[in-house]
Ligand SMILES: C[S@@+](CC[C@H](N)C(=O)[O-])C[C@H]1O[C@@H](n2cnc3c(N)ncnc32)[C@H](O)[C@@H]1O
């Protein structure tokens, strides 16, 4: 995967204790990130501030990066959408560089515009045929269950080969009772709205995901990541053994 790096104005790195400052004023960070999207698409301008604020994964991923001794380093964000989470990590001083990839060219365009002047690169790519650059942290947020079963296994193997330290995966747990029913219903609805069928919808059980990561040399911890929502989202932090 190739992407043009924007001319880099490196933000200071703040992993460790100094990070608490950033975490104590998340609204200020979200405003800073959102302002970068003002020149992009109308959808992006509206979506980014709301996504940063309302999705519990944003603050949780920032907290995880803050707890890592050197932050997340070079983050490779797969299925990055408009790239707002990667840019939040960068602007918080919790990543040294971000490389983001997504199938959707319009989202990538928004990400490229927003990333101007930062050590970040965004490009269009299909994760069904992964050819991933190496990074300290390979991130996959709300994407795994969008791929067919065999594509999921291929992508996890490619991520394991590319991740120097860790993988951060937000996905859905299909074994959480009513939450999983709501999550499945939502995904079927989203697919219908996109004109797709729900066939092949494959939400990997956590035991299988953990086993796969273990076989690839990673120890995984799974934690709830649904705060304030009725969805079965979980955050999987997998560290190289
Ligand atoms: C639910 S969105 C999540 C976006 C982003 N990770 C975030 O948290 O804001 C899923 C993203 O996966 C992308 N995607 C779906 N299938 C893909 C594929 N085969 N290759 C690359 N990106 C894909 C979509 O274009 C979309 O941007």
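The values are calculated or read from the model by the stated rules, or taken from the named source; none is laboratory data. This structure is a prediction, so every number in the text was calculated from the model and none was measured. When we count neighbours, we look across all protein chains shown, and the Cβ atoms used for this are built from the backbone with ideal geometry, even at glycine.
Those residues that are under 16 Å from residue 136 (Cβ atoms) and within 14 Å of the chain's Cα centre (by Cα), I need them from the range 63-79; list them, please. Listed by number, the residues that qualify are 64, 65, 72, 74, 75, 76, 77, 78. Evaluated against (1) in contact with a strand residue (DSSP E or B) (Cβ under 9 Å, 6 or more places away or on another chain); (2) at pLDDT below 95, residue 190 falls short on exactly one condition, (1). Would you call residue 65 out of contact with any strand residue (DSSP E or B) (no Cβ under 9 Å at 6 or more places or on another chain), closer than 26 Å to residue 226 by Cα and assigned to a helix (DSSP H, G or I)? For residue 65, the condition - out of contact with any strand residue (DSSP E or B) (no Cβ under 9 Å at 6 or more places or on another chain), closer than 26 Å to residue 226 by Cα and assigned to a helix (DSSP H, G or I) - is not met. Selection of the range 90-125 for residues being surrounded by fewer than 20 Cβ atoms within 10 Å (Cβ to Cβ) and either within 12 Å of the ligand (Cβ to nearest atom) or closer than 17 Å to residue 40 by Cα (or both) yields 103, 104, 105, 106, 109, 113, 116, 117, 123, 124. Answer with yes or no whether residue 57 is surrounded by fewer than 23 Cβ atoms within 10 Å (Cβ to Cβ), within 13 Å of the ligand (Cβ to nearest atom) and within 22 Å of residue 156 (Cβ to Cβ). Answer is yes for this residue.
I'm told residue 48 meets every condition in (1) buried (at least 21 other Cβ atoms within 10 Å of the Cβ); (2) away from the ligand (no atom under 12 Å from the Cβ); (3) part of a helix (DSSP H, G or I) except one. Can you identify the failing condition by its number? Here residue 48 meets the rest and fails (2). Restricting the search to the range 155-196, which residues are buried (at least 16 other Cβ atoms within 10 Å of the Cβ), within 11 Å of the ligand (Cβ to nearest atom) and assigned to a helix (DSSP H, G or I)? Once the filter is applied, which keeps residues that are buried (at least 16 other Cβ atoms within 10 Å of the Cβ), within 11 Å of the ligand (Cβ to nearest atom) and assigned to a helix (DSSP H, G or I), the range 155-196 yields 155, 187. Does any residue in the range 207-229 that is farther than 15 Å from residue 64 by Cα come within less than 7 Å, Cβ to Cβ, of a residue that is loosely packed, with under 12 Cβ neighbours inside 10 Å six or more places away or on a different chain, and which pairs are these? Sorted first by the residue in the range 207-229, then by its partner, the pairs are 217/241; 218/241; 219/241.
Within the range 129-144, if we keep just the residues that are at pLDDT 95 or above and within 13 Å of the ligand (Cβ to nearest atom), the residue that is farthest from residue 230 (Cα to Cα) turns out to be 132. So is residue 81 in contact with a helix residue (DSSP H, G or I) (Cβ under 9 Å, 6 or more places away or on another chain), within 12 Å of the ligand (Cβ to nearest atom) and at pLDDT 95 or above or not? Here the answer is yes, as residue 81 does meet what is asked.
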